[in-house]
Amino acid sequence: ELNVTAQNTANAMTTGYTRQVAEISTIGASGGSPNSAGNGVQVDSIRRVSNQYQVNQVWYAASDYGYYSTQQGYLSQLEAVL
């Protein structure tokens, strides 16, 4: 989990980096007694977290760019004919 935190901190200002989250679970007590101390936690998986709003905005901007680039090509051809 410390490695995930270190990666997030080191890449906080890196363009395109998506934050990671460590999914953890407890490791049960070894003694079997309800008063026994636990054995800590374990990392089950690491997943990436992204801001879906920002991802959607990038997709929309890329789509608009493609549309207007195509329009510009057609209008340039039309202008050359006229």
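The values are calculated or read from the model by the stated rules, or taken from the named source; none is laboratory data. It should be emphasised that the depicted structure is a prediction, and the values quoted were computed from it without experimental measurement. Ideal geometry is used to build each Cβ from the backbone, glycine not excepted, and the neighbour counts take in all protein chains shown.
In table form, for the structure just shown:
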{"read-out": "Pair list, Cβ under 7 Å, 6 or more apart: the range 15-26 residue among the hydroxyl-bearing types (S, T, Y), other residue outside any loop (DSSP other than H, G, I, E, B)", "value": "T18/R48; T18/V49; S25/V41; S25/Q42; S25/D44; T26/V41"}
{"read-out": "Residues (without any contact (Cβ under 8 Å) to a residue 40 or more places away in the chain and among the hydrophobic types (A, V, I, L, M, F, W, C)) located in the range 42-65", "value": "V49, V55, V58, W59, A61, A62"}
{"read-out": "Among (1) at pLDDT below 85; (2) within 18 Å of the chain's Cα centre (by Cα) - the single one Q20 does not satisfy", "value": "(1)"}
{"read-out": "Given (1) assigned to a helix (DSSP H, G or I); (2) charged (D, E, K, R); (3) surrounded by 10 or more Cβ atoms within 10 Å (Cβ to Cβ), index of the condition R47 fails", "value": "(1)"}
{"read-out": "Which listed residue is assigned by TED's automatic domain parsing to the domain that holds R19 and more than 18 Å from the chain's Cα centre (by Cα), from Q77, Q42", "value": "Q42"}
{"read-out": "Residue list for the range 26-44, filter: of a type in the set (S, T, Y) and surrounded by 10 or more Cβ atoms within 10 Å (Cβ to Cβ)", "value": "T26, S30, S36"}
